[in-house]
Amino acid sequence: MTNSIKKIVLTGGPCAGKTTALVKVIEHFSSLGYKVFTIPEVPTMFSQSGMDYLTTNRKLFYEGEKATLEVQLALEDKFQRMAEQCEEPVIIICDRGAMDISAYMSPETWDTITKAVGTSTTALRDQRYDAVLHLVSAADGAEKFYTTTNNKQRTEGLEMARLIDKKVIDAWTGHPHLRVINNHEDFNNKLHRVLKEISSVLGIPQPIVEERKYIVELTGEIPNCIESEITQTYLVAEPGCEVRLRRRGWQGKYVYVHTTKKNISNSEQLETERQISSNLYTSLLQQADPYRKTIQKTRKSFIWKGQYFELDNFLKPVSGLMILETKGITEQESVNFPPFIKVVKDITGVSEYYNYNIALKG
């Protein structure tokens, strides 16, 4: 993949605003001089052509899903070839990506299909796309906007829609640039966040935004959460620059990410992120900042009333500290705290609680 071509998946639960977001993405980035290709949602195309994904005929289901994956990959590959001929920078936006298909079948069936197509989950999830943006379904926290009238292919009830949201996020978990985009009291904020995340992938400096953070206590079970272990090491870097290595593991699988944050000015920051091999990760650990300790924490990620939360439980160098973070909520909006979270203190913008500073040796 050349530097000037970025392939981004726009996904989400039912009635998440993907269609509207696609229009905004095309308008916004075309006006900035990008050539924008959009790849249509293949399952919808198949449904409109007579494929019944709810069929009880197992052979038909298998052939239909296998064909869905094959056509998805073929379309992406053809548009990639077209993009390589363009002189201007290109964004390929996929209306759902390959891993979305896996959310609608058993892991065993998915495994059989990927093998038959000559690929794997690792290749499709971790190596194929530059970023994955998941828009939360309006069925979760923005029910008044949830409707089945604008898409004949949509018959999900609210509960099913929430379940699909969870399954799709599960399917993409492990992609180094998965971003879950909350529902908002104002839908325009959701669209703005999509444009902001894509701009970040394209290396366009972004305004420095303090995400909402809280010290909390956990008072009950978190339903439908995704658990992972995170090891974070800061490397020696030039002033005004933060370089971080992260190893994230869940269910015995690991992903390694190298992140650089650089302040362009007092109000703008450029963040670049790339997935690296375990060998390079081990090698780069030699450049660890001698003044900072490695952070170890467990993370529980979950959606509650349309908002996406990450709950970090720190194990080292401090223990017993729990920080709840929610992404992309504007200053005017309220946070929908779940009943199993007790807020102890609002630490939004309090620098001593930045991971970078928590890692400082005493």
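The values are calculated or read from the model by the stated rules, or taken from the named source; none is laboratory data. Just so you know, these numbers come straight off a predicted model, no measurement behind them. Neighbour counts run over all protein chains shown; Cβ positions are idealised from the backbone, glycine included. Side chains are part of the model used for accessible areas, which takes the heavy atoms of the whole protein and leaves out ligands, DNA and RNA. Shrake-Rupley method; radii C 1.70, N 1.55, O 1.52, S 1.80 Å.
Just to verify a number: what accessible area does Thr348 come out at with the full protein assembly present, 1.4 Å probe, Å² rounded to tens?
Accessible area of Thr348: about 50 Å².
In whole angstrom, how long is each semi-axis of the equivalent ellipsoid of the range 219-362, when you take the square root of 5 times every eigenvalue of its Cα gyration tensor and sort them from largest down?
26, 19, 15
Cα to Cα, under 17 Å, and not fewer than 8 places away if on the same chain: which lysines meet these conditions relative to Lys316?
Within the straight-line limit of under 17 Å, Lys316 reaches these lysines: Lys293, Lys297, Lys300, Lys361.
Using only Cα atoms, find the angle between the long axis of helix 107-117 and the longest principal axis of the chain, and express it within 0 to 90 degrees, rounded to the nearest 10.
70 degrees
Kindly report, to the nearest 10 Å², the accessible surface of Val350 as traced by a 1.4 Å probe over protein heavy atoms only.
50 Å²
Considering only DSSP states other than H, G, I, E and B, which GluC sites (Glu not before Pro) in the range 257-341 qualify as loop sites with at most 14 other Cβ atoms within 10 Å?
When the GluC sites (Glu not before Pro) of the range 257-341 are filtered for loop state and at most 14 Cβ neighbours within 10 Å, Glu331 remain.
Filter the GluC sites (Glu not before Pro) in the range 195-244 down to the DSSP loop ones having no more than 15 other Cβ atoms within 10 Å, then list what survives.
Glu210, Glu211, Glu221
Expressed as a whole number of Å, what is the distance separating the alpha-carbon centroids of the range 306-362 and the range 22-74?
37 Å
Quick one, which of (i) 65, 49, 41; (ii) 60, 42, 37; (iii) 64, 45, 35 is the actual Cα extents along the principal axes in Å calculated for this model?
(i)
Going by the alpha-carbon gyration tensor, a ≥ b ≥ c the square roots of its eigenvalues, is the range 1-147 rounded (a/c under 1.5) or, if a/c is not under 1.5, prolate (a/b greater than b/c) versus oblate?
Judged from the Cα gyration tensor, the range 1-147 comes out oblate (a/c at least 1.5, b/c at or above a/b).
Please identify, among Ser106, Ser137, Ser120, the residue showing maximal mean-square fluctuation in a Gaussian network model of the chain using a 10 angstrom Cα cutoff.
Ser106
For the chain, what does the accessible surface come to per residue with a 1.4 Å probe? Please give it in Å².
That works out to 49 Å² per residue.
7 Å from Cα along Cα→Cβ at both Lys196 and Leu285: what's the point-to-point distance in nm?
Computed distance between label sites Lys196 and Leu285 equals 3.5 nm.
Which of Val168, Val257, Val344 moves the most in a Gaussian network model of the chain with Cα springs under 10 Å?
Of Val168, Val257, Val344, the Gaussian network model singles out Val344 as fluctuating most.
For the range 169-238, what number results from the quotient of the Cα radius of gyration and 2.2 N^0.38 Å?
1.43
Can you send over the carbon and sulfur percentage of the accessible area for the chain, probe radius 1.4 Å, protein chains only?
50 percent
Run the helix sum for the chain: -39,500 (n - 2.57) per DSSP H stretch of 4+ residues, divided by residue count, reported at 222 nm to the nearest 500 deg cm²/dmol.
After summing the helix terms and dividing by the residues of the chain, the value is -9500 deg cm²/dmol.
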